[in-house]
1. Which of the numbered conditions does GLY389 fail, given that it passes all the others? Conditions: (1) more than 30 Å from GLY29 (Cβ to Cβ); (2) surrounded by 18 or more Cβ atoms within 10 Å (Cβ to Cβ); (3) within 16 Å of the ligand (Cβ to nearest atom).
2. ARG99 - would you say it is free of Cβ contacts under 8 Å to residues at least 40 places away in the same chain, surrounded by fewer than 18 Cβ atoms within 10 Å (Cβ to Cβ) and among the basic types (Lys, Arg)?
3. Among the candidates ARG264, ARG218, ARG275, ARG251, which residue alone is surrounded by fewer than 17 Cβ atoms within 10 Å (Cβ to Cβ) and within 16 Å of the ligand (Cβ to nearest atom)?
4. Suppose we keep only residues that are open to solvent by 30 Å² or more (accessible area, probe 1.4 Å) and closer than 14 Å to ALA387 by Cβ within region 166-182. Which one would you say is nearest to the ligand (Cβ to nearest atom)?
5. Being under 20 Å from ASN350 (Cβ atoms), away from the ligand (no atom under 16 Å from the Cβ) and open to solvent by 60 Å² or more (accessible area, probe 1.4 Å) is true for just one of GLU211, GLU238. Which residue is that?
6. Does THR434 qualify as being open to solvent by 10 Å² or more (accessible area, probe 1.4 Å), assigned by TED's automatic domain parsing to the domain that holds ALA533 and in contact (Cβ under 8 Å) with a residue 12 or more places away in the chain?
7. Only residues that are within 14 Å of ARG247 (Cβ to Cβ) and either basic (Lys, Arg) or more than 14 Å from the ligand (Cβ to nearest atom) (or both): list them for region 53-69, please.
8. Can you tell me which of (1) over 24 Å from ASP138 (Cα atoms); (2) not in a loop (DSSP other than H, G, I, E, B) is the one MET41 doesn't meet?
Amino acid sequence: MTTVAAASPTVAPEPEQFDAVIVGAGFAGLYLFHTLRGKGMRVRVIDAADGVGGTWYWNRYPGARCDVLSVDYSFSFSEEIQQAWVWTEKYAAQPEILRYLEFVADRLDLRRDIRFSTRVEAAIYDDATASWLVRTDDGLTCTARFCIMATGCLSIPKEPDIPGLAAFTGPVYFTSRWPQQHTDFAGQTVGLIGTGSSGIQAGPEIAKTAERLLVFQRTPSFTIPARNIPLADDFMNEIKADYAARRQAARRHPAGHLRPITRRTTFSYDDKERREAFEGAWQRGGQDLFGVFGDLIVDEAANAEIARMIYDKIDEAVADPATAAALKPRGAPLGGRRICLDTDYYAMFNRSNVTLVDVLADPITTVVADGVQTHGAHYRLDALVLATGFDAMTGALLNIDIRGRNGTPLREKWSHGPVSYLGIAIAGFPNLFTITGPGSPSVLSNVVASIEQHVEWLADLFDHMDAHGLRVAEADADAEQAWVRHVYDLAAPTLMIKANSWYLGANVPGKPRVFMPYVGGLDVYRDKADAIAHDGYRGFHFDAETPNVRATHAA
Ligand code: NA7
């Protein structure tokens with residue numbers, strides 16, 4: 001006798017339940033996870049990469065380097081960690097920062113609860129249970145009371161709007177998705193498209209080994225020499241002897257790290273003094289230049305004066321006058337777009353194997369099988385490097401199908417640009433939080449300091465909720481509107497809104513033009529956030545119980 005087994009319907013596994021789901025395992029996700037686990041919360045961290053590091057996992061391109069001093073661009077919350085780690089360069093390169101984050105993850109035993117190689121596709125709020133249902137690309141679901149986006153400000157690459165890219169037969173490398181294995185450009189003609197921070201850092205390194213490098217520049221960037229140097233043991237020991245005080249000063253600094261600042265204005269110096277102040281900062285390198293003149297970002301004449309001094313530096317550094325002229329940024333104020341820090345960028349153009357192709361003057365029409373075609377020329381290439389930027393600040397959030405109360409999509413709520421309260425909470429999206437979200441200092445500060453501030457503020461909010469038996473926190477729409485106005489009012493008088501930058505979403509076709517970061521400084525922002533907490537979390541409303549529990553009580 002034969003028996004036929006009845007077909008059993010496939011039963012989807014029950015979603016795992018957590019107190020919090022954290023999306024992202026970079027600086028923000030790691031510290032947040034450590035903090036919430038320390039409170040006894042059951043937490044799941046999910047990241048698309050197969051290791052920790054976030055932005056520093058993906059951006060492995062040659063020359064990738066931080067533009068904040070390494071001794072400041074690191075966690076301050078653990079004296080043990082900051083005493084144990086040794087930075088070897090003034091500005092750490094990507095491999096060292098990644099090693100640091102791996103070290104932190106191991107020291108704090110974080111990896112075992114992180115689900116790697118998994119992308120969050122959707123996060124849906126359920127009004128009835130007051131919890132988030134999170135769905136991933138491997139078909140798993142989990143539920144959590146809190147859903148926290150630690151997705152980073154620069155993590156979703158901008159779709160390159162270059163026709164014909166798929167036709168290119170050679171390798172195409174994105175700086176933001178650089179392969180883990182060694183890339184060798186020896187004997188090759190390489191085309192580099194994009195001259196923001198990534199292109200400016202990658203170019204000089206690629207030029208060292210490639211037979212030829214063609215730099216396709218549409219918009220020139222202002223860039224300042226980093227003057228990176230190795231750090232001597234004595235220097236690290238000196239920092240470590242009083243790290244706590246350095247960190248405390250950074251917490252009270254508008255930039256979240258100890259770069260110099262002054263109120264002194266450009267034209268309060270006479271010509272000679274101004275030149276000397278500029279020259280000193282240029283020679284010291286790095287971000288010092290932003291701090292020498294207090295009005296750089298608000299006064300057009302002052303801004304133009306400093307820009308002229310940088311033009312002189314370009315003329316000094318670049319031998320060919322036509323190349324030097326093409327490298328000078330025009331039409332947008334210095335600082336309107338993010339100022340880059342470089343190592344030998346301008347000098348690179350004196351190498352016989354490097355050519356600047358000005359694609360503003362002669363635009364790219366299409367990529368073809370063997371290279372790049374502009375209106376006037378054909379450039380044969382073996383490899384293409386794309387440093388074409390990111391869908392900054394909102395890209396990673398809108399890449400996930402986030403739905404709040406009544407199923408409202410975040411994509412709909414933010415269709416005219418991001419609105420949020422403090423850059424951390426969104427009306428209509430209860431118990432959803434965004435670490436360094438739009439409306440917070442984030443990319444205008446030492447982002448590690450901003451991350452720590454957000455994580456600690458959130459941890460205090462959760463303590464407050466626990467202490468008062470509150471299950472759900474949600475930003476008020478009025479408070480949110482007032483915050484968005486405040487963010488705009490601070491940015492409006494600055495020159496930062498006068499350039500087509502990614503701060504404004506201007507690099508992504510069709511993206512609403514809204515200035516996203518908070519320009520008021522991390523110190524001011526911190527005080528405002530603390531005052532809100534002190535006032536019982538002014539601008540938030542809370543639910544003590546889940547709606548279905550309330551319904552049961554009412555019946
Ligand atoms: P950025 O700063 O957004 O730079 C992207 C560059 O790519 C920029 O020069 C763009 O020129 C160029 N680009 C983009 N699309 C094209 C096309 N189609 N043709 C030619 N050139 C193009 O990104 P980065 O990765 O360098 O830096 C982002 C941040 O990461 C940086 O500020 C640091 O904070 C770290 P465009 O300006 O559009 O003319």
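The values are calculated or read from the model by the stated rules, or taken from the named source; none is laboratory data. As the structure is a computational prediction, the values presented were derived from the model and not from experiment. Counting neighbours? That spans all protein chains shown, and the Cβs are built from the backbone with ideal geometry, glycine included. All accessible areas refer to the heavy atoms of the entire protein, side chains included, with ligands and DNA or RNA removed. Shrake-Rupley method; radii C 1.70, N 1.55, O 1.52, S 1.80 Å.
1. (1)
2. yes
3. Numbers: ARG264 fails: within 16 Å of the ligand (Cβ to nearest atom); ARG275 fails: within 16 Å of the ligand (Cβ to nearest atom); ARG251 fails: within 16 Å of the ligand (Cβ to nearest atom).
Going through ARG264, ARG218, ARG275, ARG251 in turn, the sole match is ARG218.
4. Here is the first cut: in region 166-182, the residues open to solvent by 30 Å² or more (accessible area, probe 1.4 Å) are 166-167, 169, 171-174, 177, 179-182.
From what's left, closer than 14 Å to ALA387 by Cβ: 172-174, 177.
On the way: VAL172: 13, TYR173: 13, PHE174: 9, ARG177: 11 Å.
Only one residue fits best here, namely PHE174.
5. Values: GLU238 fails: under 20 Å from ASN350 (Cβ atoms).
Unique residue meeting the criteria: GLU211.
6. Values: open to solvent by 10 Å² or more (accessible area, probe 1.4 Å): no; assigned by TED's automatic domain parsing to the domain that holds ALA533: yes; in contact (Cβ under 8 Å) with a residue 12 or more places away in the chain: yes.
When the stated conditions are applied, THR434 does not pass them.
7. Just the residues of region 53-69 that are within 14 Å of ARG247 (Cβ to Cβ), to begin with: 68-69.
Residue satisfying the conditions is LEU69 alone.
8. Evaluating MET41 over (1) over 24 Å from ASP138 (Cα atoms); (2) not in a loop (DSSP other than H, G, I, E, B) leaves (2) as the failure.
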